[in-house]
Amino acid sequence: MKLTILGCYSATPRALNNTTSQVLEINNHMFLIDCGEGTQVQLRKHRIKFNRIKHIFISHLHGDHFFGLVGLISTFRLLTRETDLHIYGPKGIKEVITLQMKLADSWTNYNLIFHELTSKKTKLVFEDDKVVVHTIPLNHRVYTNGFLFKEKEGERKLDIVAVENANIDTAYFRKLKQGFDVENRDGVLIDNKKVTKPAKKPKSYAFCSDTMFKEDIVPIIKNVDVLYHESTFLEKHANLALKTKHSTAKEAAKIAKHANVGTLVLGHYSTRYDGLNAFKEEAQTVFDNVELSEDGKVFNF
Ligand SMILES: [Zn+2]
């Protein structure tokens, strides 16, 4: 699982700071999560192939999370894209994007498929044989969802030597991979665990931005490998966090701790602060394993 942070600042793009966007590579998928202004420039900078992006997840309709979307859609058209593009986001996203295309008379020559979200409960939004994606309902000034990306449990691996020694017919290999005990050629029942090895542990990633402290997301994101949680402010500005429905670094850490996540990645920083270390220090008073996102940073988990 590889996470590339394209932008991790709030509000407005600046010379050296980009607004929210990131790319998650998981099981051969390349998911784009949020699409702040300048996302396509960041994609080029980090040599991410445009045509590998087939699914875009938008958390909410504040500009710093989607103002790059219409530009990216337009660029895909100019690059003569033919592959379908799926966009998951709040109700209204189709209207705001298609209005701009309509007034410019610039429709795409590929299928643009909108999946508009309205539910305030967690919902399954994407599934194939390897990966599932659910929404994480958040609490912000407008309707907002985070997204939970999870690999499915893989198949068990055959221990070829053990399988041969146990005299099992190849016709049963599929059943073995699925975890069943099977009979060998002599009619003896073979314990699955003696001839197979466990599948690799499925990876999971939760993206939570923007939101105020919302403890009821904990059961949804319980035990994820990596949690990206917004930390727009430090505790000294907790009043601003409350007023604008954002979180502090300490609150993000509390969520990470209660959900027992592997790693907490902080982001969506207000640009009022001079450096990022204070975010990490504040979070680490509650939860140890904290990483700071920075524009261009790549995490391999
Ligand atoms: Zn917002």
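Here, each number is a calculation from the coordinates, and none is a lab measurement. Everything quoted here is computed from the prediction, not taken from an experiment. FYI the Cβ positions are ideal-geometry reconstructions off the backbone, even for glycines, and counts take in every protein chain you see.
If you go through the stretch 141-178, how many residues are part of a loop (DSSP other than H, G, I, E, B) and under 29 Å from the mean Cα position of the chain (by Cα)?
Taking the stretch 141-178 and keeping what is part of a loop (DSSP other than H, G, I, E, B), we get 141-144, 152-156, 159, 166-169, 178.
Applying the additional criterion that residues be under 29 Å from the mean Cα position of the chain (by Cα) yields 141-144, 152-156, 178.
Adding up the residues that qualify gives 10.
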Looking for something farther than 22 Å from Glu151 by Cβ and buried (at least 18 other Cβ atoms within 10 Å of the Cβ) - is there at least one such residue anywhere in the stretch 44-54?
no
Scan the stretch 214-233 residue by residue and report those that are more than 17 Å from the chain's Cα centre (by Cα), away from the ligand (no atom under 15 Å from the Cβ) and within 19 Å of Phe279 (Cβ to Cβ).
none
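Quick check: anything in the stretch 18-32 in a loop (DSSP other than H, G, I, E, B), under 27 Å from His140 (Cα atoms) and more than 16 Å from the ligand (Cβ to nearest atom)?
To start, the set of residues in the stretch 18-32 that are in a loop (DSSP other than H, G, I, E, B) comprises 18, 20, 27-28.
With under 27 Å from His140 (Cα atoms) added as a condition, the list becomes 18, 20.
Next, only the ones that are more than 16 Å from the ligand (Cβ to nearest atom) stay: none.
No, the stretch 18-32 has no match at all.
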Residue under evaluation Thr39, criteria (1) in contact (Cβ under 8 Å) with a residue 24 or more places away in the chain; (2) surrounded by fewer than 19 Cβ atoms within 10 Å (Cβ to Cβ); (3) in contact with a strand residue (DSSP E or B) (Cβ under 6 Å, 6 or more places away or on another chain); (4) not aromatic (Phe, Trp, Tyr), criterion not met
(2)
How many of the residues making up the stretch 134-157 are surrounded by fewer than 18 Cβ atoms within 10 Å (Cβ to Cβ) and farther than 30 Å from Glu230 by Cβ?
3
In the stretch 180-206, residue farthest from Leu240 (Cα to Cα) [restricted to those that are in contact (Cβ under 8 Å) with a residue 24 or more places away in the chain and small (Gly, Ala, Ser)]:
Ala199
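Quick grid of which residues meet (1) within 16 Å of the ligand (Cβ to nearest atom); (2) in a loop (DSSP other than H, G, I, E, B):
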| position | (1), (2) |
| --- | --- |
| Gln40 | no, no |
| Ile56 | no, no |
| Leu61 | yes, yes |
| His65 | yes, no |
| Arg81 | no, yes |
| Met101 | no, no |
| Glu116 | no, no |
Return a yes/no flag: does the stretch 286-299 have any residue that is in contact (Cβ under 8 Å) with a residue 40 or more places away in the chain, more than 21 Å from the chain's Cα centre (by Cα), outside any strand (DSSP E or B) and buried (at least 16 other Cβ atoms within 10 Å of the Cβ).
no
Failed item, numbered, when Gly275 is tested on (1) loosely packed, with under 15 Cβ neighbours inside 10 Å; (2) of a type in the set (Gly, Ala, Ser); (3) in contact with a Cys (Cβ under 9 Å, 6 or more places away or on another chain):
(3)
Any hit, the stretch 265-272, residues being in contact (Cβ under 8 Å) with a residue 12 or more places away in the chain, closer than 21 Å to Tyr143 by Cα and out of contact with any strand residue (DSSP E or B) (no Cβ under 8 Å at 6 or more places or on another chain):
no
What are the residue pairs meeting all of these: first residue in the stretch 131-146, first residue among the β-branched types (Val, Ile, Thr), second residue within 11 Å of the ligand (Cβ to nearest atom), Cβ atoms under 7 Å, and 6 or more apart or on different chains?
Val142/His60; Val142/Leu61; Val142/His62; Thr144/Ser59; Thr144/His60; Thr144/Leu138; Thr144/Asp210; Thr144/Thr211
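Can you say whether Ser209 is touching a residue at least 40 places away in the same chain (Cβ under 8 Å), within 16 Å of the ligand (Cβ to nearest atom) and of a type in the set (Gly, Ala, Ser), as far as the supplied structure shows?
Yes.
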Cβ pairs under 7 Å, 6+ apart or interchain, first in the stretch 234-255 and closer than 15 Å to Leu276 by Cβ, second part of a helix (DSSP H, G or I) and within 16 Å of the ligand (Cβ to nearest atom), ordered by first then second residue, are Thr248/Ala241
